[in-house]
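Got a structure for you, written out below as structure tokens; questions coming shortly.
The values are calculated or read from the model by the stated rules, or taken from the named source; none is laboratory data. Not measured: the values here are computed from a predicted model. Note that we place each Cβ from the backbone using ideal geometry, even for glycine, and neighbour counts take in every protein chain shown. When the accessible area is computed, the model is the full protein with side chains, heavy atoms only, and any ligands, DNA or RNA have been set aside. Shrake-Rupley method; radii C 1.70, N 1.55, O 1.52, S 1.80 Å.
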Amino acid sequence: MTAMRVSRRAVLQGAVGLTLALQLPLGGKARAATPAKGGTFAPNAFVRVGADDTVTVLVKHIEFGQGPFTGLSTLVAEEMDADWAQMRAEHAPANVELYKNLAFGVQGTGGSTAIANSYMQMRQAGATARALLVQAAAARWKVPAGEITIERGQLRHPSGKTGRFGEFAEAASGLPVPEKVALKDPSAFKLIGREGQALRKLDTAAKVNGTAEYTIDIQTPGMLTVVVARPPRFGAKLVRFDDSAARKVRGVVDVKQLSSGVAVYAEGMWPALKGREALSVEWDDSTAETRSSEAMIEEYRALAKKPGVVAGAHGDADAAFGDGAKIVEAEYIFPYLAHAPMEPLDGYLEWDGQTARARFGSQLQTLDHMGIAKVLGLEPGRVTVETLLSGGSFGRRAQGKSEFAVELAEAAKAIGPNRPVKLVWSREDDITGGYYRSIFVHRMKGAIRDGRITGWSNTVVGQSLASGTALEEMLVRDGVDITSVEGARELPYKVANFRCDLHTVVSPVPVLWWRSVGHTHTGYAVECFIDRLLEETGQDPVEGRLALMADKPRLAGALREVAKLADWSGSRPAEGRARGVAAVESFGSYVAQIAEVSMGDNGPRVHKVWCAIDCGVAVNPDVIRAQIEGGIGYGLGHVLYAEVALDGGQPVQRNFDTYRSLRIDEMPEIEVVIVPSTEAPTGVGEPGVPPIGPAVANAMARLGVGRPERLPMVRETA
């Protein structure tokens, strides 16, 4: 057992303090949760034990399918020795003091940090609850607390006395919180690392039976549905609009100007859309992006031929490219990508002029909370933000300027108090509305001398997603947005002479982090290029990588595991199929993948993917496998088909018919092995994405068609 000191700032004791800590909103609860009842015991801001024995975990991270409801509850249940059947989960309210992400300093979800930054915190929360329940039982039974054990939610004493959590909830709530609690030694874990139905996901049942509540489900008396007409070109400004025809549409209630466009208020989605279609709006494009994406790419390519701001360097790369070295060059081009979550952005807000209550899938609750309060002119304490379940995000709901929350508040303010509004972005709004993964260009150069890779340079060109946001100070250093070059500014491979530099370009097209952020493009560029250099030196893709990974034992371990899993015997094609490999460290996790590929008339066909991941302690192996499988499918669909192209500054793709995703019959067979580890847990939501593209590309090279230097691999997506 490990002694841990509990932060008294985070742990509140006594009924009054607990009530303050757990000021739960009226709604916003997952259906899996059980509302608090009389006699509830809430030892801290994260755990609530009901008189009915239920243990409810308040989850500070948004649940959009990645598994924090189950993962964080597992940590609490483990330390409490609870029965999994008694566990519940619900979103915590927006409260930065209690629920900040320890990696960010604000409440929010991103960077695959949910388990990583909560691992010890939630275990402490559970251990504290356990200690107080045991103390309450000891007092009632008049026995030493050290003689009491707990097994699957049952307290026991050798004398034969037994009791349930709920029986001691009220008594425990009156006890002082201990300053120290003891955490389990990992060798005693009963739930962490367990697989199968014994730890079913807590949010699955409600999602399957339809009782889970999403923002789109909200209906309240007097509520108005709002859609916004936004400029067709990014950066354009509103000149004037004529709403006379829109107001004639049955069900349209009002039309108002917002900073983002023209809002149509209606008694339902259909009249809101028809009213928007009837608007006549004039835009000023003088400050708008009017280039095509083809023109932008050509400008980026020209810029990539010049050195940028150095992001990382060692040795002397220029000298390595001197006389006698064999020079290998490549260029990789990446398009704008939309996040395209299944549930587009939507949010609900009611405002009475004095207080406001917002309900939506907020991924950065602290920033959204502040944004809403500022627009409405309210003190933050008068604004409540309830986080709802969301149908995916992939980064879309985490906005550095809280653009959606601000638009929601503006819509409520414009129509006036006591008119609840539900702001909805349609699928077309979402795909044409920007906040894309930026276009990026990588210009690579490698030097080979005496059969060894002696030099490497990479010039990266793209937009910054952090500049001009509240996150700029944290993410932009010495003129380099670290998210643009993560995974490229240093290599997992030992190359003596290395340089990575960056050109940050500016465009009115708004960009945002996309699932796995910079690794979406750096993983492809680095893993395709190292594979090509190894090919030039005649080395096996697996053995050649391992020979350069002396400083990366965990990534090397994952690579060895996946090679073993796939029974790797080389990359030579057989029966029209070839295998390609890639290994990427991202968000503290180490992932290696091998893809088996054949070529058809419409491009590559991926038959099977083997994957090994080292993410430290595997809290929920089933969730880890699900996230890796989902990441492979998501990443594969995008490298094969996805692109948002601009024509004269206007997005060409508008919906899933042209913004192509992977179809179910294209999903490859996937086999995942989790590398055993005692290291602290790291992320799994994003690391499955980066290796799949280069693994496929490297297999294509073995099939004799070369590695695609421009994505998507299949340009015709109809």
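Restricting to Cα pairs below 8 Å that are 6+ residues apart, what does the relative contact order work out to for the chain? Please round to a whole percent. Show your work: numbers first, answer last.
Numbers: 1674 pairs, mean separation 100.0, N = 718.
14 percent.
Here's another thing I want to ask about it. So if each residue of separation counts as 0.36 nm, and I subtract the Cα-Cα distance between Ala313 and Asn602, what length gain in nm does that give?
Residue separation times 0.36 nm, minus the Cα-Cα distance, leaves 100.0 nm.
Moving on to the next point. Taking 0.36 nm per intervening residue step and subtracting the Cα-Cα distance, what contour gain separates Asp657 from Glu267 on full extension? Working shown, then result.
Numbers: separation 390, 0.36 × 390 = 140.40 nm, distance 2.87 nm.
Using 0.36 nm per residue and subtracting the Cα-Cα distance, I get 137.5 nm.
At what distance in angstrom do the alpha carbon centres of the range 185-223 and the range 431-467 lie from each other?
One Cα centre to the other: 39 Å.
OK, next. Using modelled backbone amide H atoms (1.01 Å from N, in-plane), which distant-in-sequence or interchain residues come within less than 5 Å of His607's amide H?
HN-HN under 5 Å from His607: Glu596, Val597, Ser598.
On a straight-distance basis, which lysines could pair with Lys180 in a cross-link, Cα separation under 29 angstrom, same-chain partners fewer than 8 positions away excluded?
In chain and number order, the partners are Lys37, Lys60, Lys100, Lys142, Lys161, Lys190.
Additional query: Okay, helix-only estimate at 222 nm for the chain: each DSSP H run of n ≥ 4 adds -39500 (n - 2.57), divide by all residues, round to 500 deg cm²/dmol; what do you get?
On the way: 20 runs with 202 residues, N = 718.
Only helices count here, giving -8500 deg cm²/dmol.
Still on this model: Which of Thr355, Ala302, Gly324 sits farthest toward the positive end of the charge dipole of the range 237-394, with +1 on the Cβ of Lys and Arg and -1 on the Cβ of Asp and Glu?
Thr355
Quick check: pseudo-label points 7 Å beyond the Cα along Cα→Cβ at Ala645 and Glu671, how many nm apart are they?
3.9 nm
In sequence order, what are the phi-derived ³J(HN,Hα) couplings for the range 335-347 according to the Karplus relation 6.51 cos²θ - 1.76 cosθ + 1.60 with θ = phi - 60°, rounded to whole Hz, with x for glycine and proline?
x, 4, 10, 8, 6, 6, x, 4, 9, x, 5, 7, x
Using θ = phi - 60° and the Karplus curve 6.51 cos²θ - 1.76 cosθ + 1.60, what whole-Hz ³J(HN,Hα) does each residue of the range 433-449 get, with Gly and Pro shown as x?
x, x, 6, 8, 5, 5, 4, 10, 10, 10, 10, 10, 9, x, 10, 10, 9
Go through the range 635-645 residue by residue and turn each phi into a ³J(HN,Hα) via Karplus (6.51, -1.76, 1.60, θ = phi - 60°); whole Hz please, and just put x for glycine and proline.
x, 5, x, 6, 5, 6, 10, 8, 6, 9, 9
Here's another thing I want to ask about it. If you place +1 on the Cβ of every Lys and Arg and -1 on the Cβ of every Asp and Glu, how big does the dipole about the Cα centre of the range 64-201 come out, in debye to the nearest 20?
On the way: 16 positive and 13 negative charges, 46 e Å.
Result for the range 64-201 is approximately 220 debye, rounded to the nearest 20.
Test of the criteria: in the range 132-215, which GluC sites (Glu not before Pro) are in a DSSP loop and have at most 14 other Cβ atoms within 10 angstrom of their Cβ? Display every interim value, and only then the final one.
Values: sites: Glu147, Glu151, Glu167, Glu170, Glu179, Glu195, Glu213; in loops: Glu179, Glu195, Glu213.
Sparse-neighbourhood loop GluC sites (Glu not before Pro): Glu179, Glu195.
Quick one: which residues, 5+ away or cross-chain, put their amide H under 5 Å from the amide H of Ser589? H built at 1.01 Å from N.
Under 5 Å from the amide H of Ser589: Gly683.
Counting heavy atoms of the protein chains only and a 1.4 Å probe, report the per residue accessible area for the chain as a whole number of Å².
On the way: 27860 Å² over 718 residues.
For the chain, the per-residue accessible area is 39 Å².
Turning to a different aspect of this structure: Where the centroid of each part is defined by its Cα atoms, how far is the range 626-660 from the range 238-312 in Å?
Using only Cα atoms to place each centre, the spacing works out to 21 Å.
In addition: For the chain, build the charge dipole from Cβ charges (+1 Lys, Arg; -1 Asp, Glu) around the Cα centre, then report which of Val584, Thr520, Thr366 sits farthest towards its positive end.
In the chain, that residue is Thr366.
Something else: Hey, can you grab everything whose amide H is under 5 Å from the amide H of Tyr436? Only 5+ residues off in sequence or another chain; H modelled, so Pro and N-termini drop out.
Distant-sequence amide H within range of Tyr436: Val511, Leu512.
Could I ask something else about it? Could you give the size of the charge dipole of the chain about its Cα centre, using +1 on the Cβ of each K and R and -1 on the Cβ of each D and E, expressed in debye and rounded to the nearest 20? Spell out each step's value before the answer.
Values: 80 positive and 84 negative charges, 279 e Å.
That gives the chain a dipole magnitude of about 1340 debye.
How big is the dipole moment of the range 315-455 about its Cα centre under a simple scheme where the beta carbon of each Lys and Arg is +1, that of each Asp and Glu is -1, and everything else is neutral? Debye, nearest 20, please.
Numbers: 17 positive and 19 negative charges, 32 e Å.
It comes to approximately 160 debye.
Related question: Among Ile482, Ala470, Gly451, flag the residue with its Cα farthest along the positive direction of the charge dipole of the range 418-494, charges on Cβ as +1 for Lys/Arg and -1 for Asp/Glu.
Value computed over the given set: Gly451.
Suppose each label sits 7 Å from its Cα in the direction of the beta carbon; what would the Glu179-Ser259 distance come out to in nanometres?
Label-label distance for Glu179 and Ser259, simple model: 4.8 nm.
Cross-link candidates for Lys237: which lysines have Cα within less than 29 Å, leaving aside residues fewer than 8 places away along the same chain?
In chain and number order, the partners are Lys248, Lys256, Lys274, Lys374, Lys401, Lys413, Lys422.
Calculate the FRET efficiency for Thr678 and Ala302 from the Cβ-Cβ distance with a Förster distance of 45 Å, rounded to the nearest 0.05.
0.35
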